[in-house]
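Engineer: Let me begin by handing over the structure; questions about it come next.
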Amino acid sequence: PHGLATTDWTTISVTVACTVAAIAVALLIYWLSRRDSRKSLSYKIRATEVTRSRAGFSDIRVTYKDAAVDAPSIVSITIRNSGSAPIRATDFESPLFIAFGGEISEERIIAQQISSTTPAGISVHSELTSMARTPGIHIDPLLLNAGDEFTIVALVSEYARSEERRVGKECRSRW
C-alpha cells in the first residue's frame, strides 16, 4: 500500500505539471499571435538631383512637356505596409497626403506618377494637389496587405527635403 500511495502522488504531480505547461504554451501562443498582428506604414524617400556637373556635361537642359525645368530632382517615395496585418481603405481617417516642405510652391512639383507596386497590380490613385496651401501628393485610401508597397516618383524643381503626414498606427522611416 505504501508504494501505491507514492505512485498516485507522482502521477498527480506529473498530470498537474503537464496541465500547467499546456496552459502556459496556449497563453504564449495567444500572446504572440496578438502581438504580431499590427498595422504599420513605413516610408522611404530618395531624391536624386539632376545636375549638369553630376552628369559631366555643362549643356544639359531638362524639359517636361516642352517647358524647361530649373534645378530638377527626381523624388522617389515608397510606402509600405510593414506590419503583419492588412491595412484596409476603411482604416484611413483621410487620404494620405505627402507634403513637400520648405518654400516649395505648387508650380515646382512638375509631375508625379506611380512607378511600381508590389505585388504588381495594386490599384493606387494619386494626384498633385494642395492641402492648407501646402503642395503635395494626395493618395486615396487603399488596401495594403502585409508587405505590400508602392512607389511614387515625382519630378520637382528646386527640391527641399520633404515632410510626410503620418497615417496608421505607426510610421517608421526605414525598414
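Engineer: Condition test on R108, is it within 27 Å of R38 (Cα to Cα) and open to solvent by 20 Å² or more (accessible area, probe 1.4 Å)?
Structural biologist: no
Engineer: Here's a follow-up. How many residues does segment 55-79 contain that are open to solvent by 60 Å² or more (accessible area, probe 1.4 Å) and either of a type in the set (A, V, I, L, M, F, W, C) or part of a strand (DSSP E or B) (or both)?
Structural biologist: Total satisfying the criteria: 5.
The values are calculated or read from the model by the stated rules, or taken from the named source; none is laboratory data. Model, not experiment: these values are computed from the prediction. What goes into the accessible areas is simple: the full protein's heavy atoms, side chains included, and nothing from ligands, DNA or RNA. Shrake-Rupley method; radii C 1.70, N 1.55, O 1.52, S 1.80 Å.
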